[in-house]
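To keep things clear, I will list the structure first and then write my remarks on it.
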Amino acid sequence: MPIPFKKDPIEFKQRALFATNVFDLLPSDHPCYIYEVIFEQLDTSSVEEQFSVRGQNAYHPKRITGILIYAYSQGVFSSREIEKKCHEDLGYMFISHCNCPNFRVLSDFRKDNYEFFKECFKQSALLAMEAGMASLGHVSLDGSKFKANTSKHKAMSYGRLKAKEKELTEEIEDLIAKAAKCDEEEDEEYQDKTGYEIPEELKIKEQRLAKIKEAKEALEKREQELNPGKKIDDKKQISFADKEARIMGKKGGFDYSYNGQINVDEDNQIIVGQHLSQNANDKQEAEPGLRKIKETTGDLPDKMSLDNGYMSGDNLEAFEDKETDVYIATGKGEKKDQRPLEDSNRKIKKTDFNYDEDKDCFVCPAGHVLELKTETRDGKKVYQGDKAECDICPYKVRCCSSKRGAPRTINTDDKEPLRQKMNEKMEQESSKEIYKKRKKIVEPVFGQIKNSGFRGFSLRGHEKASGEFSLTCSVHNFKKIVKAIIC
């Protein structure tokens, strides 16, 4: 006896007798309905102004923006894949109103409207604040590396660029000389060939030389901005595909990347400020981070917490004269060793010295003074003790490490008073309790972004990649808002 399996419903093989809405097949609490309401509130007037009444009717910017945001929220980033989803997935079909643009339209819109996506992010943050999901009570700033749209294999060092430029120039000159001789000796030189082989090879080499020169000039311009007046190290590299990306280290590996910076509010992990940096570390990111919060929300947070990567003079100075109460973690070299010097054989570190701000000097554990010896234009300072005092000091073996017997030196800069204040502040138990919250505020957000599939950029160049990062941060905020509404 055959097993009585379930049969297909009659609607599967024939049309319904009455008209029906295909989107009724979606559950009533499907996120696409909420996304649609949010997208209708987006202000896309800055993009709409770019269109003309002439020609064919264009897709409305709200529709394309909605499709891209919804796709990114689902972990789909390829424009071709997004177009495919709009023809196969009911959620995408609802967002696109069954009128999905071609993948090139989607790709070009994302590429050409990077400035608008920065405005779109601002709208997402303000919408969350209006909904009471962010209050700027405690904000944490952090950065993470995202891969640029290029490869280490599409790059060349400065030394190699110079050598290749010289090599190609000589080869081109040689080919030009041969080409000039072709007319006189064509029959003898080429016999049964056409005589076009050298010009074609010449064309290819000239194109290569142009790319080499372009990359070399871009690298020289970059290094001049970063290190004005200094000789360029031959090991410095640049990518041919994305000349504005930088080599950055991550988990023991190195790749061309950008440094994504986000300011996250404690209440519901809403991103209230973001920017994309070309710096491999975070030592100069506090000032732009504060500026972006102000630009986005119109205000600054009551408290901010940052990890030890932000512990630099420039970052500390950025918070001067600001009402924001800042907490920056101190590293191992900045924390005082609580073990008494008399009861241990430990090395004497910089933290064992007391800094006298009024006299601008350091005082060692034995009471000797380290005077300011040198100071550079960029604020770097070197303090050194007196040799006669260091030679008779009982702590010399544990303090002076110079093989030539030089007295103890301390290197710092003109921001040392700010460092001392932060070190003292972070030793307090109340400060430690506030700083502990940082891990729960900002670090999970990068995990959520990367676990959704976004680990690198589709666009090239700092400006366009910044626009895509703004889009990604907007998506994060919209997902938080949608989740809050559903729950």
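Observations on the structure shown:
- Highest to lowest packing among 54-60, 136-142, 289-295, scored as the average C-beta count within 10 Å: 136-142, 289-295, 54-60
- Placing pseudo-labels 7 Å out from each Cα toward the beta carbon at K436 and E371 gives an inter-label distance of 4.8 nm.
- Ordering 351-357, 407-413 by mean Cβ neighbour count within 10 Å, with the highest value first, yields 407-413, 351-357.
- Relative to its residue count, region 250-306 spans a Cα convex hull of 101 Å³ per residue.
- (1) 84, 50, 44; (2) 101, 84, 64; (3) 78, 59, 39, with the label sought being that of the calculated Cα extents along the principal axes in Å: (2)
- Amide H contacts under 5 Å for L370, placed H, 5+ residues apart: F362, V363, C364
- Long pairs among K230/K432; K152/K221; K436/K479; K122/K152; K236/K440; K347/K432, criterion Cα-Cα beyond 31 Å: K230/K432; K122/K152; K236/K440
- For F240 and Q284, the FRET efficiency from 1/(1 + (r/R0)^6), where r spans their Cβ atoms and R0 equals 22 Å, is about 0.25.
- Gap separating the Cα centres of region 396-452 and region 252-271, nearest whole Å: 20 Å
- For region 375-423, size of Cβ-based charge dipole, Lys and Arg +1, Asp and Glu -1, in debye: 220 debye
- Proximal lysines to K437, defined as alpha-carbon separation beneath 16 angstrom and excluding residues fewer than eight positions away on the same chain: K303
- For region 58-97, GluC sites (Glu not before Pro) meeting the loop criterion (DSSP other than H, G, I, E, B) and having at most 11 other Cβ atoms within 10 Å: none.
- With contributions of -39500 (n - 2.57) from each DSSP H run of at least four residues, the per-residue ellipticity at 222 nm computed over the chain stands at -14000 deg cm²/dmol.
Computed from the coordinates by the stated procedures, all read-outs in this text should not be read as laboratory data. Remember, it's a predicted structure, so these values are computed and weren't measured experimentally. Note that each Cβ is placed from the backbone with ideal geometry, even for glycine, and that neighbours are counted across all protein chains shown.
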